[in-house]
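A short reminder: the numbers here are calculations on the coordinates, not readings from a lab. As the structure is a prediction and not an experimental result, all values here were calculated from the model. All Cβ positions, even for glycine, are placed from backbone atoms using ideal geometry, and neighbour counts span all protein chains on display.
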Amino acid sequence: MPFLYLFIARVLDSAFDKSLYRIGRGALVAVLLSIGVQTFRIWNLLDVKRGHYRQALNDMWQASGSGNTTISSDNDRRNELLVVFYSPPGSPLKSFNYVRGNEDVACGTDWFITHTQDNEEPADQQFRAQSGNNYVLFEDCPFAGNSGWRWAIYRRDAPADEGDHGGADSRL
């Protein structure tokens, strides 16, 4: 009788090994197929990342003069954190100051950032804020599409006429 149990154990062991081999092979094929399908998105994430926030803020830093440079955006909760985290370190002669949208800024900010998760629609080349300031597109920063936001960075242009305060494309 003990030999019967050994025989049954050997048969079950052999069957179990073969089924695990099939399951392992199937899992490997499924993983490779999944990676193959997602290759473009993974490559895009490695190349573009979640967004070029640090590079964008460095470009703004280089383009700004000395002194206190003001920045605002269409979403304080998201963009303020990104600006604070990725901003170049300040110096006594130059710094970034994020201005929340609900704070009254009579003259407008030097920079305005819009964000979207749409990578297809091109950013507007310019817009006029309710404060009367014109903003011109400075940089359009893509993101990978899996996570993050696309930034459109606008720089304040020459002040607009006093009588006209925005229109359908007003943002501030």
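Can you pull the three principal axis extents for the Cα set of segment 53-159, in Å, largest first?
Largest to smallest, the principal-axis extents are 37, 31, 24 Å.
Grab the beta carbon distance between T39 and D59, set R0 = 25 Å, and tell me the FRET efficiency rounded to 0.05.
Numbers: r = 30 Å, r/R0 = 1.21.
Here the calculated transfer efficiency is 0.25.
Hey, can you rank 90-99, 131-140 by average C-beta count inside 10 Å, highest first?
Values: 90-99: 13.8, 131-140: 17.9.
Highest-to-lowest ranking by the protection proxy: 131-140, 90-99.
Can you compute the modelled spin-label distance between D118 and R10, with each label point 7 Å from Cα toward Cβ, in nm?
So the label points at D118 and R10 sit 7.0 nm apart.
Could you sort the peptides 59-65, 72-78 by per-residue average Cβ neighbour count (10 Å cutoff), highest mean leading?
Details: 59-65: 14.4, 72-78: 16.7.
Highest to lowest by the protection proxy: 72-78, 59-65.
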